[in-house]
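Undergrad: Input: one structure, supplied below.
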Amino acid sequence: MFSGRGAIRRTWPLPLAVAAGVLLTACSGDPAPAEPTPSPARSSESATASAVPDSSASATTSQLTRDIKAAYDAATDAYPDVDLDKCTRTTSLDDRRCGAALTAAENVAADTERRLRVNKPEYADVLYSDVFLTTSAVQDGIDRLRDPIPCYGLSDAADPPPPLRAEAESICAEGADIFKIEWGIFLSSVTP
């Protein structure tokens, strides 16, 4: 090893400090003072205080929830034709009633987002990010049903040729099922 002025010396300060602490504790004779036991009256007061939620936190959350619910309710009033039960696994590829219900759901999601952005424009992305993520998923879901296969009259593209119609209907039914799941997630983000 190296020796001299530039040599690195290895010291063991931590083990020595631990050993010194153990010795001092063992030799002191007096145990550390115990924490005072709270009286039953004090412990019940602290339990009651911890059970009451912080009013400032609940007021903020509650106001956000009210804002989201109000935006959703207004959007639902503007687009009342959301009835996704019209879209089943056996719904015909060109069933425009199903397409109208899907479009109404997409409009509710988009209008809810629009109303929330107007409500608090500078903070909307932070305050309502969960809603906006689910809204985006709903809009992506309707886009998948419009293209490349024109499901339920959602686009002006020509219907697939008869040999491919059954396969297209199956693909559209699966797309509608995915859309319903995305719609359910959206609903969970806007309703308390």
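Undergrad: Return the loop-located chymotrypsin sites (Phe, Trp or Tyr not before Pro) in segment 88-192 (DSSP other than H, G, I, E, B) with at most 10 other Cβ atoms within 10 Å of their own Cβ; answer none if there are none. Before the final figure, lay out the partial values.
TA: Details: sites: Tyr123, Tyr128, Phe132, Tyr152, Phe179, Trp183, Phe186; in loops: Tyr123, Tyr128.
Loop-located and lightly packed - Tyr123.
Undergrad: In the neighborhood of Asp83, defined by Cβ-to-Cβ distances under 14 Å, what is the net charge if each Lys or Arg adds +1 and each Asp or Glu adds -1?
TA: On the way: positive: Lys86, Arg96, Arg97, Lys180; negative: Asp81, Asp85, Asp95, Glu106.
Its environment carries a net charge of 0.
Undergrad: Could you state the accessible area per residue of segment 139-192 in Å², with a 1.4 Å probe and every protein chain left in place?
TA: Working: 2920 Å² over 54 residues.
I get 54 Å² per residue for this part.
Undergrad: Rg and Dmax of segment 65-192, Cα atoms, in Å?
TA: For segment 65-192, the Cα radius of gyration and maximum Cα-Cα distance read 15.6, 52 Å.
Undergrad: When the accessible area of segment 124-192 is split by element with a 1.4 Å probe, what percent falls to carbon and sulfur?
TA: Values: 2150 of 3600 Å².
Roughly 60 percent of what the probe reaches on segment 124-192 is carbon or sulfur.
Undergrad: So if each residue of separation counts as 0.36 nm, and I subtract the Cα-Cα distance between Val126 and Glu174, what length gain in nm does that give? It would help to have the intermediate numbers written out before the result.
TA: On the way: separation 48, 0.36 × 48 = 17.28 nm, distance 3.28 nm.
Taking 0.36 nm per residue and subtracting the Cα distance, the gain is 14.0 nm.
Undergrad: Could you compute how fast segment 125-180 diffuses translationally, taking Rh as the Kirkwood radius over C-alpha pairs and applying Stokes-Einstein at 10 °C with viscosity 1.306 mPa s? Give it in µm² per second. Don't jump to the answer; show the numbers that get you there.
TA: On the way: Rh = 12.4 Å.
Rounded, D is 128 µm²/s.
Undergrad: Related question: Please work out the FRET efficiency for the pair Arg97 and Ser188, using the Cβ-Cβ distance as r and a Förster radius of 30 Å; give the result to the nearest 0.05. It would help to have the intermediate numbers written out before the result.
TA: On the way: r = 26 Å, r/R0 = 0.86.
Calculated value: 0.70.
Undergrad: How much length, in nm to one decimal, is gained on full extension between Gln139 and Asp159, taken as 0.36 nm per residue of separation minus their Cα-Cα distance?
TA: Numbers: separation 20, 0.36 × 20 = 7.20 nm, distance 2.21 nm.
Here the segment from Gln139 to Asp159 would lengthen by 5.0 nm.
Undergrad: Order 64-70, 98-104, 140-146, 162-168 from most to least packed using the mean count of other Cβ atoms within 10 Å. Intermediate results must be reported in sequence, preceding the final value.
TA: Values: 64-70: 15.3, 98-104: 22.0, 140-146: 18.9, 162-168: 11.3.
The most tightly packed comes first, giving 98-104, 140-146, 64-70, 162-168.
The values are calculated or read from the model by the stated rules, or taken from the named source; none is laboratory data. Bear in mind the structure is a predicted one, so any value in this text is a computation, not a measurement. Note: ideal-geometry Cβ built from the backbone for every residue, glycine included; neighbour counts use all protein chains shown. Protein only, heavy atoms only, side chains kept; ligands, DNA and RNA dropped before computing areas. Shrake-Rupley method; radii C 1.70, N 1.55, O 1.52, S 1.80 Å.
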